[in-house]
Every structure is written in structure tokens, then in C-alpha cells.
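Worksheet: one structure, shown below.
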Amino acid sequence: MIPKNPNTRLARDSIAFVLAGGRGSRLMELTDRRAKPGVFFGGKTRIIDFALSNALNSGIRRIGVATQYKAHSLIRHLTRGWSFLRAERNESFDILPASQRVSEDAWYRGTADAVFQNIDIVDSYSPRYIVVLAGDHIYKMDYEVMLQQHVESGADVTLGCLEVPRMEATGFGVMHVDERDTIQSFIEKPADPPGIPDNPDMALASMGIYVFNTEFLFDLLKRDAAEPSSSHDFGKDLVPYVVKNGKAVAHRFSASCVRSAQEAEAYWRDVGTVDAYWEANIDLTAITPALDIYDTDWPIWTYSELTAPAKFVHDEENRRGTAISSLVSGGCIVSGTEMRRSLLFTGVRTHSYSRIEEAVILPYVTVGRNADLRKVVIDRGVVIPDGLKVGQDPELDAKRFRRTEKGVCLITQPMIDRIAP
């Protein structure tokens, strides 16, 4: 085994390249104004903060983030929250928007092309290894462990993989591996996923995390860029090519997942639908949530606004500011509102005689008097009018708002504006 001496950590010879250009259309109106990695999560953070924090906590001090779709909100967050990496400490943080660097009509054509178009910037730092990350998943992982496996196995590419029940892997890219986790084939969304040799009822699903030796990846990207039939995507083009012509090895998430004493499972979530997004946020209100965001040994770094403390006011019958099994961020004022199993982001204001239950309320929302909101996601800055009731009449909710199959209502300001006074 490679020693875990801080002076020999492979992470210090690596760069993390985070792919953060996707819209995430299944989040519906939540991504009308922002890319999926820039969507708010967990009261204070954005989704992308998890991949970035994993890189930083793993010891990686050079990070690049490729952006494309409606990137302003994301870029503003990255500029405010991640500018502490300093060149004089041999650190770097590059925001890499699609900027027609290769030709005037070439935006990022795929995940691999996003790296290809920035080869010169990556090369200027002379990293030995590149850790390619998706910027839109919630998890805690030590990439140093994956880097060690990559070097020890002599792989051309190492892929991060989840162990999932075999028939639940039909929506993933699935690895067919041998007894040493060498990948024999890579299959996109198979109807009958191959099982793992040591556990046939489980399958290895791709996490969208790849480790390459830099020089090998550059050669691979240049070959792919010259291929007119390629879609220039890691999962569809580059990985299958390496599986066929080189050595690809699977890295199991369970080996590098970071867990506190409070976490029973290897936690990973794709919050790519409104239902999944709502569930992952509401799960944080549990007494012992599956994801421990209070773990100071593996902090989730983010931009933290300067706000006053949260405040709860009024103590009268039916007008008592309370929050039970809930997360309430700084700058919030819960005024005469009863709240249960809910999550309030920064600066939310709720008014008297209202009831809020199982709600995910993004920053700077105002909830009027006598509102009754149940099982909702409310977008940033929405003003909820007095007396609005959501979560009691499914047909009416579906006419007014984006109502999911599981009964979650996504509410945006244009939806509120369309409600007749």
C-alpha cells in the first residue's frame, strides 16, 4: 500500500476537474435560472459544494470547474465561496466557462470536450493525475483512496462505482467486472445489468468519477476530438474505448466513502428530480439523518453570507413561532408560524397564523399570514400570499403549481403571479 504520509499524498500531484455545465432539466423550474450544480441544498450550501469539498478535504489543491448552461448564479457562488485558494501556496481555482477557445462556433460538445478545450490550462499546472468529477451529486468521498488504487493497479482509467441492487441499475452506466474489478465491458442503461462476481445480486453503477494519468488522458482526448462520429463524452466514448483497448478498473465507493460515527450507510444521492431533491433535503430533518452535515472532520465548504441569527417570535395561542424537527438558517424570522419537518434557507420570513410542514424553502422567501403549506419546494425569493393553501387539494395544486407523482409541489414566483387575486 502507498503510505498515507501527507508529504507523499497523491492528491497533491492531482487536479480536480469538475463538470458543472449541465442544466438538470428533471428539476423543472428549479433550473430555469441556474445550472443543476448551482441549485441550493441543505440550508446553506449548493450541490456543487459537495464535490468541491471532497476534493479539498482529500488534499487536492488545484481545482477547475467547467460551466456552460446559465452559469451566472453558479459562477457568482464559486467566486464568493471558493476564492480562498491561493497561487502563492501552490493552489489554484479556475472557473472555465464555455468560451469558444477552440473555434468560434464550438461550445462544450460533451463532458470530454469540456476537458479537451482546457488542456492548455490544465497542462500549465503539470499535474500527474486528473480526477474528473460530476458536480451534481450529494456524497462525501476521499479521492486520495481512489488515487492510491489507480496507481497500485496500473490502470489507464479508474472509475468510481456504486454498488446497487442489480435491477435498480438499469438507469446507469454499468460495469461488468472480473474478480479483481478490472472492467470487461461498460454498458449504458442495460435492461439486464451484469452482477458483481462476489455478489451477483448487486451491480456496479458509474458515479461519473474518473481518475487518469494526465499524459494518457491528453492523448485520449486528442484522439477523440479528431473522431467525427464521437459524441465527445466520457461515459459514451472515452471509457468504452479504454475498456476495449487498455486497462479500466472499478473503484467501489464503499472503499472511500467518508462517514462519521452517526452515518450508517455509504451515502450518495442524485438529486436530479424534484421528488429526489425534496426527499434528500427533508431527510436532513431526521433525528439521525443518513447524511451528517455536522461532521467537522469532513466539512462541506461553501459561501456563507453574513446574517443575523435566526429568530422565533410570538407566544400566543395559534400564533407561536416554533420549529420542530426542522433546520433554520441564519437571517430567518419565524413569526407566529408553526413549522414541522422543514428546511429554511437563509433569510426566509414567515408570518403569523401560518403552518408549514415538510417544506423546503429556498433563500429570501416570504410566507404571508394564514398560509398552510405542506410538502412543497419554494424557489428563491418567492412571495407567498396571505391565506394560500398547498397540499390539501391535489387537483387545484396541479393546476397552479408543478405537482410531482409523489405529491410534492414546486412553487415559483411566476406560478404565484398567475393565481387570480
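The values are calculated or read from the model by the stated rules, or taken from the named source; none is laboratory data. As the structure is a computational prediction, the values presented were derived from the model and not from experiment. For neighbour counting, all protein chains shown are included, and Cβ atoms are generated from backbone atoms with ideal geometry for every residue, glycine included. Please note that ligands, DNA and RNA were not included when accessible areas were found on the heavy atoms of the full protein model with its side chains. Shrake-Rupley method; radii C 1.70, N 1.55, O 1.52, S 1.80 Å.
Data for the structure
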| quantity | calculated |
| --- | --- |
| Residue selected from the range 208-223 under the condition modelled with pLDDT of 95 or more and more than 16 Å from VAL122 (Cα to Cα), by the criterion most open to solvent (accessible area, probe 1.4 Å) | ARG223 |
| Residue identified as surrounded by fewer than 20 Cβ atoms within 10 Å (Cβ to Cβ), outside any helix (DSSP H, G or I) and not basic (Lys, Arg) among SER126, SER73 | SER126 |
| Unique residue being closer than 21 Å to TYR108 by Cβ and buried (at least 16 other Cβ atoms within 10 Å of the Cβ) when the list is ASP295, ASP237 | ASP237 |
| Hits in the range 35-44 - residues which are more than 10 Å from the chain's Cα centre (by Cα) and open to solvent by 10 Å² or more (accessible area, probe 1.4 Å) | GLY42, LYS44 |
| Only listed residue being among the acidic types (Asp, Glu) and under 18 Å from THR111 (Cα atoms), chosen from ASP178, ASP224 | ASP224 |
| Residue check for ARG402: out of contact with any helix residue (DSSP H, G or I) (no Cβ under 8 Å at 6 or more places or on another chain) and in contact (Cβ under 8 Å) with a residue 60 or more places away in the chain | no |
| Tabulated pairs, the range 321-340, first within 20 Å of ASP292 (Cα to Cα) and open to solvent by 20 Å² or more (accessible area, probe 1.4 Å), second part of a loop (DSSP other than H, G, I, E, B) and acidic (Asp, Glu), C-beta under 9 angstrom, 6+ apart or interchain | GLY330/GLU305 |
| Unique match (being of a type in the set (Val, Ile, Thr) and crowded, with 24+ Cβ neighbours inside 10 Å) among VAL131, VAL164 | VAL131 |
| Qualifying residues in the range 404-421 (those that are open to solvent by 40 Å² or more (accessible area, probe 1.4 Å) and under 28 Å from the mean Cα position of the chain (by Cα)) - the one farthest from ILE282 (Cα to Cα) | PRO414 |
| Within the range 365-389, tally of residues that are in contact with a strand residue (DSSP E or B) (Cβ under 8 Å, 6 or more places away or on another chain), farther than 20 Å from MET28 by Cα and surrounded by fewer than 24 Cβ atoms within 10 Å (Cβ to Cβ) | 6 |
| Condition broken by GLU91, with the remaining ones in (1) out of contact with any Leu (no Cβ under 7 Å at 6 or more places or on another chain); (2) open to solvent by 10 Å² or more (accessible area, probe 1.4 Å); (3) not basic (Lys, Arg) satisfied | (1) |
| Any hit, the range 33-53, residues being part of a helix (DSSP H, G or I), β-branched (Val, Ile, Thr) and out of contact with any Asp or Glu (no Cβ under 6 Å at 6 or more places or on another chain) | yes |
| Checklist (1) among the β-branched types (Val, Ile, Thr); (2) touching a Ser or Thr at 6+ places or on another chain (Cβ under 6 Å); (3) open to solvent by 10 Å² or more (accessible area, probe 1.4 Å) applied to VAL274, failing item | (3) |
| The listed residue being closer than 24 Å to THR31 by Cα, aromatic (Phe, Trp, Tyr) and surrounded by fewer than 23 Cβ atoms within 10 Å (Cβ to Cβ), out of PHE401, PHE345 | PHE401 |
